[in-house]
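**Student:** Got a structure for you, written out below as structure tokens; questions coming shortly.
The values are calculated or read from the model by the stated rules, or taken from the named source; none is laboratory data. Computed from a predicted model, the values in this text were never measured in an experiment. Please note: Cβ atoms are built from the backbone with ideal geometry, for glycine as well, and neighbour counts cover all protein chains shown. Quick note on the areas: whole protein, heavy atoms, side chains included, nothing else; ligands and nucleic acids left out. Shrake-Rupley method; radii C 1.70, N 1.55, O 1.52, S 1.80 Å.
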Amino acid sequence: QLPRVKSLILSSLPNLMSFYPDPYSFQSPSSSRLDDFNNIPMPMQHHLFNKQVAFPGLEELRLSDLANLEVMVLDQLPAESLRKLREMTLWRLPKLMHICMNNQQKTFFENLTQLRVDDCGSLRNLFSASMARGLVHLQVLHI
């Protein structure tokens with residue numbers, strides 16, 4: 001846990017693939033792994049966070065110029081992570097396709113007031129409909 005971190009800015013780190021290493025994610029770029037759900041081979045994806053990282057005091061998250069970031073898997077974070085998050089900026093993340101979380105963790109963004117997304121050309125879905133309904137404090141949305 002990193003309880004005193006209030007602002008996390010990760011910028012201009014073209015080779016960053018994960019904030020904390022996942023022992024199951026180290027494979028050569030040419031290999032593939034089997035998806036646990038339906039045994040369909042799929043390319044290895046790079047997840048920025050995992051269940052080993054907690055930011056209970058985080059209020060601001062800025063990610064920019066992370067050329068290899070493909071997926072933000074937030075449902076692997078501990079429940080107390082990101083509850084205080086007020087501002088999130090995603091900028092120049094060319095490979096980011098998904099921000100993943102399950103519907104039980106709607107409280108991750110309950111205090112989010114500002115969300116800025118720019119130059120994330122591969123992003124398919126920002127939030128599910130149920131997650132969007134939980135953004136009751138959102139005042140600024142810039143996409």
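**Student:** Using a 1.4 angstrom probe and counting only protein chains, how large is the accessible area of Val136 in Å², to 10?
**Tutor:** 110
**Student:** Now a separate question. Put Ile9, Ile143, Ile99 in order of accessible area, largest first, 1.4 Å probe: what do you get?
**Tutor:** Details: Ile9 90, Ile143 135, Ile99 20 Å².
Correct descending sequence by accessible area is Ile143, Ile9, Ile99.
**Student:** Once you place label points 7 Å from the Cα toward the Cβ at Phe127 and Glu110, how far apart are they in nm?
**Tutor:** 1.4
**Student:** May I ask you to give the percent of accessible area on region 56-100 that is carbon plus sulfur, with a probe radius of 1.4 Å?
**Tutor:** Taking all protein chains in place, region 56-100 shows 48 percent carbon and sulfur surface.
**Student:** Please compute the length gained on full extension between Val140 and Lys84, using 0.36 nm multiplied by the number of residues separating them and subtracting their Cα-Cα distance.
**Tutor:** Here the answer is 18.5 nm.
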